[in-house]
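K.L.:
Mind having a look at this structure? Questions to follow.
Derivation of every value follows stated rules applied to the coordinates shown; laboratory data play no part. No experiment lies behind these values; they were computed from the predicted model shown. Neighbour counts are summed over all protein chains in view; Cβ atoms, including those assigned to glycine, are modelled from backbone coordinates with ideal geometry.
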Amino acid sequence: MSEQKIKRGRFITVEGVDGAGKSSQIQVIAETIRNRGIELVITREPGGTPTAEKIREILLSEPMSPKCEALLMFASRQENLDKVIRPALAAGKWVLCDRFTDASYAYQVYGREQPKEWVDELSDFVHHDLQPDRTVLFDLDTDIAMKRLERKLDRFESENSEFHKRVRKGYLKLVEEQPDRFLVVDSSKPKEEISQLLQEEFSTWD
Ligand code: TYD
């Protein structure tokens, strides 16, 4: 039997400062893609597999050194890549991941002010052959974003306003470096307007 080569699926990631409203819009992106008859797997980081979700619990609640934090983010990422992301892409499915390595640059490098080399080296070690094809960045003034978070805050969300400002700056720097990969969404716009923009983008993008 001749083996047919399956075309690798598309890898889409979603990013933003805490409180920028990405969670609700992820569903809009997913629905738009699935309406095209494309098989889509949704996952998140840190997390995405039972083991990686345990790492997430530790990351969001336990005190730790910045280096340990960076390593655990990539440990979780390795698990998610091995068990969820790579198998899905290899089978021709698309993957929509709620945060990926851009978050490690924004939070660990810019937010925590740790060396960029750490994330360069870890991302090279964990996924040198795979980068997101498209990344949606939900961008919002961080003071407004923090006011939107009404639930109990985790270890990252409860960082001070300067931390969140640095994270936002980090994301915008990444956009400057790779403008073609990013779709920047102005999260101060009405929800319906954002949903419509995403529907337009993902009803045709590939
Ligand atoms: P997220 O799932 O977006 O939080 P929530 O579901 O509470 O909205 O992300 C969890 C936190 O982890 C978020 O504050 C950002 C942080 N994070 C990093 O610091 N580095 C990373 O590499 C990733 C993936 C997330």
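K.L.:
Which numbered condition trips up Q131, out of (1) of a type in the set (S, T, N, Q); (2) under 14 Å from the mean Cα position of the chain (by Cα); (3) within 12 Å of the ligand (Cβ to nearest atom)?
P.N.:
Failing condition for Q131: (3).
K.L.:
Among the residues of the stretch 83-96, is any within 24 Å of D120 (Cβ to Cβ), under 18 Å from the mean Cα position of the chain (by Cα) and of a type in the set (F, W, Y)?
P.N.:
no
K.L.:
Has the stretch 51-59 got at least one residue that is surrounded by fewer than 18 Cβ atoms within 10 Å (Cβ to Cβ), under 22 Å from L198 (Cα atoms), under 16 Å from the mean Cα position of the chain (by Cα) and not aliphatic (A, V, I, L, M)?
P.N.:
No, the stretch 51-59 contains no residue that is surrounded by fewer than 18 Cβ atoms within 10 Å (Cβ to Cβ), under 22 Å from L198 (Cα atoms), under 16 Å from the mean Cα position of the chain (by Cα) and not aliphatic (A, V, I, L, M).
Quick grid of which residues meet (1) touching a His at 6+ places or on another chain (Cβ under 6 Å); (2) free of Cβ contacts under 8 Å to residues at least 40 places away in the same chain; (3) among the polar types (S, T, N, Q); (4) within 24 Å of D180 (Cβ to Cβ):
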residue	(1), (2), (3), (4)
C68	no, yes, no, no
L71	no, no, no, no
F74	no, no, no, no
V84	no, no, no, no
D124	no, yes, no, yes
H127	no, no, no, yes
F138	no, no, no, yes
T142	yes, no, yes, no
A145	no, no, no, no
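K.L.:
Can you tell me which residue within the stretch 120-170, out of those that are of a type in the set (D, E, K, R) and touching a strand residue (DSSP E or B) at 6+ places or on another chain (Cβ under 8 Å), is surrounded by the most Cβ atoms within 10 Å (Cβ to Cβ)?
P.N.:
Result: R168.
K.L.:
Exactly one condition in (1) in contact (Cβ under 8 Å) with a residue 40 or more places away in the chain; (2) more than 14 Å from the chain's Cα centre (by Cα) is false for F11; which is it?
P.N.:
Result: F11 passes all but (2).
K.L.:
Could you say which residue among F125, F138 is in contact with a Ser or Thr (Cβ under 7 Å, 6 or more places away or on another chain) and aromatic (F, W, Y)?
P.N.:
Step by step, each of F125, F138 is checked, and only F138 is in contact with a Ser or Thr (Cβ under 7 Å, 6 or more places away or on another chain) and aromatic (F, W, Y).
K.L.:
May I pose another question? Taking L81 and the conditions (1) surrounded by fewer than 20 Cβ atoms within 10 Å (Cβ to Cβ); (2) more than 21 Å from K173 (Cα to Cα), which numbered condition does it fall short on, given that it satisfies the others?
P.N.:
Answer for L81: the failing condition is (1).
K.L.:
Among the residues of the stretch 152-172, count how many are charged (D, E, K, R) and in a loop (DSSP other than H, G, I, E, B).
P.N.:
Residues in the stretch 152-172 being charged (D, E, K, R) and in a loop (DSSP other than H, G, I, E, B): 5 in total.
K.L.:
Quickly run through the stretch 173-206 and pick out the residues that are within 18 Å of the chain's Cα centre (by Cα), assigned to a helix (DSSP H, G or I) and exposed (fewer than 15 other Cβ atoms within 10 Å of the Cβ).
P.N.:
K173, E176, E177
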